[in-house]
Amino acid sequence: MDPQVLKSISFFSDLSDEDLKVLAARAAEASVGEDREIVREGDYSYDFFIIQEGKASVRQDGKEIAELGPGEVFGEAGVMERSLRNATVVSKTPMRLVTFTHWDLDHLRRQIPQVIERLEKAFSEHQSDGSAPG
């Protein structure tokens, strides 16, 4: 993945060029059409997502609890806690996503710890506002 694409995402915009290169080596991109289920509540958590473009609906028990947009993270809760998904995320528009696996997370923990700190902060914020997508 092109490190400059990652730099254009607010979640990563202040990382150094060297950190962006490390991150880009682990990142994958995905495109999703409108009204597509990206993750399903109750499924196993193997990866997490950062929205590059588009909007998504976060649903628990079939009810929308949050809307996500560019720069926001989802799926980190299940990956960080190695637990089942606690919400379903459905695209509201066509989307471009950056994805990382839980193996990537383990490597990033050693290589770019500030990215893990941001994920932990996002997870804490989702927990406190009840929108925990993931």
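Count of the stretch 14-40 residues, restricted to those that are over 19 Å from R118 (Cβ atoms) and either surrounded by 19 or more Cβ atoms within 10 Å (Cβ to Cβ) or among the aliphatic types (A, V, I, L, M) (or both), is 4. Residues in the stretch 79-95 that are part of a strand (DSSP E or B) and either surrounded by 15 or more Cβ atoms within 10 Å (Cβ to Cβ) or among the hydroxyl-bearing types (S, T, Y) (or both): T88, V89, V90, S91, M95.
Could you please find all residues in the stretch 25-37 being within 17 Å of T99 (Cβ to Cβ) and either outside any helix (DSSP H, G or I) or among the aliphatic types (A, V, I, L, M) (or both)?
A25, A27, A28, E29, A30, S31, V32, G33, R36, E37
Here is a yes/no grid of residues against (1) closer than 20 Å to G62 by Cβ; (2) more than 13 Å from the chain's Cα centre (by Cα); (3) modelled with pLDDT of 90 or more:
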residue: V89; (1), (2), (3): yes, no, yes
residue: K92; (1), (2), (3): yes, yes, yes
residue: T101; (1), (2), (3): no, no, yes
residue: A122; (1), (2), (3): no, no, no
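Going residue by residue through the stretch 46-56, is there one that turns out to be surrounded by 19 or more Cβ atoms within 10 Å (Cβ to Cβ) and of a type in the set (D, E)? Yes - at least one qualifying residue is present in the stretch 46-56. The single condition among (1) modelled with pLDDT under 95; (2) closer than 15 Å to E72 by Cβ that E53 does not satisfy is (1). I'd like to know if the stretch 112-133 contains one or more residues that are assigned to a loop (DSSP other than H, G, I, E, B), free of Cβ contacts under 8 Å to residues at least 60 places away in the same chain and touching a helix residue (DSSP H, G or I) at 6+ places or on another chain (Cβ under 8 Å). Looking for residues that are assigned to a loop (DSSP other than H, G, I, E, B), free of Cβ contacts under 8 Å to residues at least 60 places away in the same chain and touching a helix residue (DSSP H, G or I) at 6+ places or on another chain (Cβ under 8 Å), one finds at least one in the stretch 112-133, hence yes. Do we find that V22 is of a type in the set (V, I, T), closer than 15 Å to F123 by Cα and either touching a residue at least 40 places away in the same chain (Cβ under 8 Å) or in a helix (DSSP H, G or I) (or both) in this structure? So V22 does not fit the description; no.
The values are calculated or read from the model by the stated rules, or taken from the named source; none is laboratory data. What you are looking at is a predicted structure, and each value in this text was computed from that prediction instead of being measured. For neighbour counting, all protein chains shown are included, and Cβ atoms are generated from backbone atoms with ideal geometry for every residue, glycine included.
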